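The values are calculated or read from the model by the stated rules, or taken from the named source; none is laboratory data. For clarity, every value in this text was computed on a predicted model and none was experimentally measured. Ideal geometry is used to build each Cβ from the backbone, glycine not excepted, and the neighbour counts take in all protein chains shown.
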Amino acid sequence: MKKSMIATAVAATAGLAASANAGYWTISGANYVNGGTNNIAVSSLENQVNTWVSSNLPGSALAETILSTTGVNNSLTNLNVTLADNTLTYFGFEDAASGPGYFGIALKNNSGGAYYLNMTAGSQAANGSEGVLTTHSGTIIGSSWGSSATVADGTTMLIMFGGLSVGQSFQFQAESMQSDGTTSGGAAFAISYLNWGGTGAYSEVASAGTATSSGLNTALYAVPVPAPALLAGAGLVGAAALRRRMAKKA
């Protein structure tokens, strides 16, 4: 077997082992509008394991729980999330490496004016064990959630879709509107996707500088490949090395 093939097998197994530390959100179709529709190159967001939200801000499935300013500040502090001004920020976390999972969306407004947002989160967004934890009330229809939100200057919007099981997914779209709430083309914002990455803090893995709309075709909660698959991967590496040694003897 060629060295390059063995190296590929080793790298694949190492990747599986590294991913075993935490669950993650697979992201497909990340996009934004800036004069036209643009794609953002992000495929996944690794979670941290953190039980602060579920322990201190309990919600319930298919229901909405309103967050206070204190709740927002405490959540962001305990999750170690730092928000940039006027930036729609995406991040994930979970109660354990096997779930359930949480997906957070935040906007810290220091623009000098208000943001008027129309937001929709379809499919299973409110279906988790803690439903929707949010600063801005909306409407739940089935397991989808939507809100027309006014984010005043000097305030922070935080939305968390909480307690989702492995394999559950949702879509999300946020559009900045003018003050009438119905006309598109409102104030622009930046976009940031945060990844935990095992470093003890979130880091930005994808971004956009200016947008009036931001969306995800799908955010799906997933967990690492289980241990038997890791062993199988290690077995493939061992078999590759053995065949290489046998070929040399022959």
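When the criteria are applied in full, residue 210 fails the requirement of being assigned by TED's automatic domain parsing to the domain that holds residue 77, under 14 Å from the mean Cα position of the chain (by Cα) and surrounded by fewer than 18 Cβ atoms within 10 Å (Cβ to Cβ).
Can you go through 187, 152 and tell me which one is of a type in the set (A, V, I, L, M), loosely packed, with under 15 Cβ neighbours inside 10 Å and within 17 Å of residue 88 (Cα to Cα)?
Values: 187 fails: loosely packed, with under 15 Cβ neighbours inside 10 Å.
Only one candidate passes the filter, namely 152.
Scanning region 32-71 for residues that are over 14 Å from the mean Cα position of the chain (by Cα), of a type outside the set (A, V, I, L, M, F, W, C), farther than 18 Å from residue 162 by Cβ and surrounded by 14 or more Cβ atoms within 10 Å (Cβ to Cβ) yields a count of 2.
Of 17, 7, 11, 22, which residue is buried (at least 18 other Cβ atoms within 10 Å of the Cβ), modelled with pLDDT under 95 and of a type in the set (Gly, Ala, Ser)?
Numbers: 17 fails: buried (at least 18 other Cβ atoms within 10 Å of the Cβ); 7 fails: buried (at least 18 other Cβ atoms within 10 Å of the Cβ); 11 fails: buried (at least 18 other Cβ atoms within 10 Å of the Cβ).
Exactly one of 17, 7, 11, 22 is buried (at least 18 other Cβ atoms within 10 Å of the Cβ), modelled with pLDDT under 95 and of a type in the set (Gly, Ala, Ser), namely 22.
If you go through region 152-162 one residue at a time, do you hit one that is within 26 Å of residue 32 (Cβ to Cβ), assigned to a loop (DSSP other than H, G, I, E, B) and of a type in the set (D, E, K, R)? Walk me through how you get there before you give the answer.
Let us first name the residues in region 152-162 that are within 26 Å of residue 32 (Cβ to Cβ), namely 152-162.
Subset that is assigned to a loop (DSSP other than H, G, I, E, B): 152-155.
Subset that is of a type in the set (D, E, K, R): 153.
Looking through region 152-162, at least one residue is within 26 Å of residue 32 (Cβ to Cβ), assigned to a loop (DSSP other than H, G, I, E, B) and of a type in the set (D, E, K, R).
Out of 98, 137, which single residue is outside any strand (DSSP E or B) and either of a type in the set (D, E, K, R) or under 18 Å from residue 181 (Cβ atoms) (or both)? Working first, answer last.
Details: 98 fails: either of a type in the set (D, E, K, R) or under 18 Å from residue 181 (Cβ atoms) (or both).
Result of the check over 98, 137: 137.
Quick grid of which residues meet (1) within 26 Å of residue 222 (Cβ to Cβ); (2) modelled with pLDDT under 95; (3) surrounded by 21 or more Cβ atoms within 10 Å (Cβ to Cβ):
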{"site": "73", "(1), (2), (3)": "no, no, no"}
{"site": "77", "(1), (2), (3)": "no, no, no"}
{"site": "80", "(1), (2), (3)": "yes, no, no"}
{"site": "92", "(1), (2), (3)": "yes, no, yes"}
{"site": "97", "(1), (2), (3)": "yes, yes, no"}
{"site": "102", "(1), (2), (3)": "yes, no, yes"}
{"site": "105", "(1), (2), (3)": "yes, no, yes"}
{"site": "108", "(1), (2), (3)": "no, no, yes"}
{"site": "112", "(1), (2), (3)": "no, no, no"}
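Of all the criteria given as (1) in a strand (DSSP E or B); (2) more than 18 Å from residue 32 (Cβ to Cβ), the one not satisfied by residue 174 is (2).
Against the test of being touching a Ser or Thr at 6+ places or on another chain (Cβ under 7 Å) and not in a loop (DSSP other than H, G, I, E, B), the options 125, 121 yield a single qualifying residue, 121.
The selection criterion, being touching a residue at least 24 places away in the same chain (Cβ under 8 Å), part of a loop (DSSP other than H, G, I, E, B), of a type in the set (A, V, I, L, M, F, W, C) and closer than 24 Å to residue 166 by Cα, does not hold for residue 106.
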